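The structure under discussion appears below in the form of structure tokens.
The values are calculated or read from the model by the stated rules, or taken from the named source; none is laboratory data. Treat the numbers as computed from the prediction; the structure is a model and nothing was measured. Cβ placement follows ideal geometry from the backbone for every residue including glycine, while neighbour counts extend to all protein chains displayed.
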Amino acid sequence: MGGSKKEILAVVTTNRNKVSEGTPVFYAENAEELERTSRLLARVLTAAIHDLDNECVVIVRH
């Protein structure tokens with residue numbers, strides 16, 4: 001598929017019980033902080049935000 005490599009760069013979550021090994025995890029205190037942190041990380045990493053609808057967001061480079 002065109003050699004496009006997708007890579008999960010980070011996970012942002014409000015639920016400390018949901019941890020991804022091997023990927024940096026950022027914990028947010030609430031939904032507002034989750035959204036803000038996700039937007040900032042995506043901007044800095046030049047990546048996309050994908051909301052998993054389970055208190056977790058992944059930051060992915062396409």
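Quick notes
- When the test is whether a residue is surrounded by 13 or more Cβ atoms within 10 Å (Cβ to Cβ) and without any contact (Cβ under 8 Å) to a residue 24 or more places away in the chain, residue 44 does not pass it.
- Test: residue in region 49-61 that is exposed (fewer than 12 other Cβ atoms within 10 Å of the Cβ) and among the aliphatic types (A, V, I, L, M): yes
- Contacts under 7 angstrom Cβ, first residue in region 6-20 being within 14 Å of residue 51 (Cα to Cα), partner assigned to a loop (DSSP other than H, G, I, E, B) and β-branched (Val, Ile, Thr), 6 or more apart: 8/23; 10/23; 11/23
- Residue within region 25-33 that is part of a strand (DSSP E or B), in contact (Cβ under 8 Å) with a residue 24 or more places away in the chain, closer than 10 Å to residue 13 by Cβ and out of contact with any Pro (no Cβ under 8 Å at 6 or more places or on another chain) present: no
To keep it simple, each residue is scored yes or no on (1) at pLDDT below 95; (2) more than 13 Å from the chain's Cα centre (by Cα).
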site: 7; (1), (2): yes, no
site: 13; (1), (2): no, no
site: 18; (1), (2): yes, no
site: 26; (1), (2): no, no
site: 32; (1), (2): no, yes
site: 41; (1), (2): no, no
site: 51; (1), (2): no, no
